[in-house]
Amino acid sequence: MRLTSLGVMLVMLSLISAVPAFAADKISGDVIMFHAGSLSVPLAKMEKEFEAMHPGVDIKREAGGSTKMARMISEVGKPADIMASADYVVIDKNLIPKYADFNIRFASNQLVLCYTDKSKFASEINADNWYDILLRPGVVWGHSDPNLDPCGYRSVMVLQLAEKFYGKKGLYDKLIAQRKKEWVRPKSVELISLLKTGNMDYAWEYLSVAVQHGLKYITLDKHINLSDYKYNNFYKQAKVTVSGKKPGTTIERIGKSITYGITQLKDAPNKAAATAFMAYMLSPEGGLKILKEMGQPPFIPAIVPDEAMVKKMPAELQKLVKVKK
């Protein structure tokens, strides 16, 4: 069947409209992304997928504790296009309004206690006795640094909430007294190698990290694991003091459900490519699908707190979010 010129044009237009916004434009150059270590595995897959669509783009990622990554931008002055944090509050406190205009909440998670077959008492531990196991002599367990990594202060919050939930007065102090200083590492993903080599018995991690690295884990009650915003009134009983923006200062982190955030920096060196990658990452058919496959529940659509923030975002991203307090 022969198509008329009008028919050919209509077919071409339908094909173009079927292409996602993140794949439609020709873009090139480096995109510098600082992000939480817990996003390393899904972002590696996103990077590969996006670069296949855009061979001229090179996504350059640097992973670490979210607080540390944000401070690399705000205090050290490192150039970056995108910052993705395991706690959206880190972006609010360190980057907005001076370095960024918006903060998109795109995923949740929960804290779990990870272990391997090599871990002491691995055959005994369960959701009811985990704290007794951690208190046994010779058991090595750890978490990331609360001053550098949200997983760190969230791990401490879990211990505080466990005391309240189980009604065991003094449990938190006993656990902290048992934990040695060298068992606290700069970022949570560093603990994985210690687990796998048998140098650590148990480590606090995000569920997504446990799934992605094939670790065994104990799932905790929702009152403790920080997974559900419906329990925020219980979570807010947990409070952890961490280092502030300036040396010698401190701030208090209050317990709340785990919510990841992402932003594009105001002075992003490659704004066009950065926006395209964020549009891909926040697409239900793109990055959010990968997160879901890898054990991390995404928000579909992603969330921003008000209409004023929506207006500060690139047009390509505005249609991928909804306003929710």
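The values are calculated or read from the model by the stated rules, or taken from the named source; none is laboratory data. Computed from a prediction, not measured in an experiment: that's the story for all the values here. Glycine gets a Cβ as well: all are built from the backbone with ideal geometry, and neighbour counts include every protein chain shown. Side chains included, ligands, DNA and RNA excluded: accessible areas come from the protein's heavy atoms. Shrake-Rupley method; radii C 1.70, N 1.55, O 1.52, S 1.80 Å.
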Strands (runs of 3 or more DSSP E) contained entirely in segment 55-110, each with at least 3 residues that are touching a residue at least 60 places away in the same chain (Cβ under 8 Å) and over 20 Å from M309 (Cα atoms): 57-64
Hits in segment 215-240 (condition: in contact with a Lys or Arg (Cβ under 8 Å, 6 or more places away or on another chain), of a type in the set (S, T, Y) and open to solvent by 60 Å² or more (accessible area, probe 1.4 Å)): Y229, Y231
Only listed residue being out of contact with any strand residue (DSSP E or B) (no Cβ under 7 Å at 6 or more places or on another chain) and at negative phi, chosen from S144, S123, S155, S85: S123
Candidates I254, I300, filtered to the one that is hydrophobic (A, V, I, L, M, F, W, C) and under 22 Å from A70 (Cβ atoms): I254
Residue within segment 206-213 that is open to solvent by 30 Å² or more (accessible area, probe 1.4 Å), touching a residue at least 60 places away in the same chain (Cβ under 8 Å), more than 26 Å from K118 (Cα to Cα) and in contact with a helix residue (DSSP H, G or I) (Cβ under 8 Å, 6 or more places away or on another chain) present: no
Among residues of segment 273-293, those that are touching an Asp or Glu at 6+ places or on another chain (Cβ under 9 Å) and surrounded by fewer than 17 Cβ atoms within 10 Å (Cβ to Cβ), counted: 0
Unique match (being of a type outside the set (D, E, K, R) and open to solvent by 20 Å² or more (accessible area, probe 1.4 Å)) among N103, N94, N109, N126: N126
Those residues of segment 111-130 which are in contact with a Gly (Cβ under 9 Å, 6 or more places away or on another chain) and among the β-branched types (V, I, T), in sequence order: T116
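The rows are residues; the columns are (1) assigned to a loop (DSSP other than H, G, I, E, B); (2) out of contact with any Ser or Thr (no Cβ under 9 Å at 6 or more places or on another chain); (3) modelled with pLDDT under 95; (4) aliphatic (A, V, I, L, M).
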position	(1), (2), (3), (4)
I224	no, yes, no, yes
K245	yes, no, yes, no
F277	no, yes, no, no
Q296	yes, no, yes, no
Within segment 101-130, tally of residues that are of a type outside the set (K, R) and in contact with a helix residue (DSSP H, G or I) (Cβ under 6 Å, 6 or more places away or on another chain): 12
